[in-house]
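Step one of this worksheet: look at the structure below.
The values are calculated or read from the model by the stated rules, or taken from the named source; none is laboratory data. Only a predicted model underlies this, so the values are computations on that prediction, with no experimental measurement involved. Methodologically, a virtual Cβ is constructed for each residue, glycine included, from the backbone with ideal geometry; neighbour enumeration extends over all protein chains shown.
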Amino acid sequence: MKLVRFGPPGRERPGIWVEEEDGSAAILDVTAVAFDIHEYDSHFFTHWGLERLRGIRDEHPAARIPADGVRLGPPVPPPTNLVCVGLNYASHAAELGLSLPKEPLLFAKAPTAVIGPSDPILLPRAARVDFEVELAIVLSRPCHRVAAEDARNYIAGYTILNDLTDRWKQQGVSQWYLAKSHPGFCPLGPWLVTADELDFPPRVRLSSWLNGETFQHSDTSDMIFPPAEIVSYASFHLRLNAGDIISTGTPAGIGSRRSPAVFLNPGDHLRLEIEGLGVQENRVVADSSVPG
């Protein structure tokens with residue numbers, strides 16, 4: 001299944017993305033037929049779960065609405081934990097001139113950075129913002145001290161995450177959390193594709209384009225630590241909740257490693273795609289409300 005949240009920012013409703021036989025797309029409005037499901041949050045995953053949605057999808061075709069022109073929000077609400085993995089693709093380590101890590105390198109983004117897959121990206125003044133296409137995991141259950149061989153049982157599904165980063169804050173003044181947590185620095189979606197739709201571990205292609213030019217094009221076989229190891233490692237150091245997000249790193253091709261370096265500017269068009277998980281497309285606009 002492809003889970004979505006749709007509607008105005010802050011008032012999204014849970015839905016199921018449906019591809020019709022004629023090639024069009026529709027959204028099944030979950031709340032219209034299941035009044036007790038208000039959100040794809042930790043309560044949903046721990047109390048109702050994905051099996052309930054499969055029944056709704058099959059039993060209520062009349063609850064579908066045309067998807068054309070409908071805003072999609074992030075497919076899950078901002079989580080309690082948004083954990084990212086640095087340096088998890090061999091090609092990315094090579095472009096940075098760094099050795100492969102011996103264990104996953106974890107850092108955090110603020111959950112308040114999450115926006116929808118087509119929302120505008122607000123660019124702070126004086127920022128040097130780079131972009132990174134990443135495969136993100138959404139957890140289906142509370143997760144603490146989980147063995148790698150059991151980790152797949154804790155994964156609800158996968159989505160696209162753009163790990164936007166202000167390289168000046170990150171590298172110039174060593175403020176990693178601030179560099180990655182400006183409001184809007186985490187476009188997410190369009191869909192949460194349930195884990196049963198993909199192989200385990202997923203074998204998918206990841207790509208990013210800026211103004212039509214290819215920047216990143218790789219696949220998950222280049223990962224150093226696969227999803228099972230990442231989930232297990234994170235769970236031994238953190239107490240994770242259902243609905244939490246773990247983003248698994250980015251491949252080579254980031255703008256800051258080009259010569260000359262390339263950073264986002266107002267008016268830019270950014271496109272990210274992961275095979276089977278859909279497409280993100282965002283416009284970059286100046287955020288004049290903050291100094292950066």
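For region 63-74, state whether one or more residues are farther than 30 Å from Arg257 by Cα, in contact (Cβ under 8 Å) with a residue 60 or more places away in the chain and not in a loop (DSSP other than H, G, I, E, B).
yes
With touching a strand residue (DSSP E or B) at 6+ places or on another chain (Cβ under 8 Å), at pLDDT 95 or above and assigned to a helix (DSSP H, G or I) as the only criterion, which of Ser118, Ser91 stands out?
Just a single option satisfies the conditions, and that option is Ser91.
Give the residues of region 104-115 that are part of a strand (DSSP E or B), in contact with a Gly (Cβ under 8 Å, 6 or more places away or on another chain) and over 17 Å from His237 (Cα atoms), sorted by residue number.
Scanning region 104-115 gives a single hit, Ile115.
Out of Pro111, Pro79, Pro75, I need the residue that is at pLDDT 95 or above, under 18 Å from Cys186 (Cα atoms) and in contact with an Asp or Glu (Cβ under 6 Å, 6 or more places away or on another chain). Which one?
Pro79
Looking at Glu197, Glu132 in this structure, which one is of a type in the set (Asp, Glu), surrounded by fewer than 23 Cβ atoms within 10 Å (Cβ to Cβ) and in the same structural domain as Ser259 (by TED's automatic domain parsing)?
Glu197
Residue check, Asp36 against (1) in contact (Cβ under 8 Å) with a residue 60 or more places away in the chain; (2) loosely packed, with under 14 Cβ neighbours inside 10 Å; (3) not assigned by TED's automatic domain parsing to the domain that holds Ala110, all met but one. Which one?
So Asp36 meets the others, but not (1).
Scan region 168-227 for residues that are over 14 Å from Glu134 (Cβ atoms) and among the charged types (D, E, K, R) and jot them down.
Lys169, Asp196, Glu197, Asp199, Arg203, Glu213
Residue under question is Ser235, and the condition is that it be crowded, with 20+ Cβ neighbours inside 10 Å, small (Gly, Ala, Ser), closer than 25 Å to Arg205 by Cβ and touching a Cys at 6+ places or on another chain (Cβ under 8 Å); does it hold?
no
Could you tell me whether region 251-265 includes any residue that is crowded, with 23+ Cβ neighbours inside 10 Å and touching a helix residue (DSSP H, G or I) at 6+ places or on another chain (Cβ under 8 Å)?
Yes, because at least one residue in region 251-265 is crowded, with 23+ Cβ neighbours inside 10 Å and touching a helix residue (DSSP H, G or I) at 6+ places or on another chain (Cβ under 8 Å).
What is the residue count in region 170-218 for residues that are part of a loop (DSSP other than H, G, I, E, B) and without any contact (Cβ under 8 Å) to a residue 60 or more places away in the chain?
Count: 9.
If you check Gly49, Gly23, which single one turns out to be at pLDDT below 95 and assigned to a loop (DSSP other than H, G, I, E, B)?
Answer to the check: Gly23.
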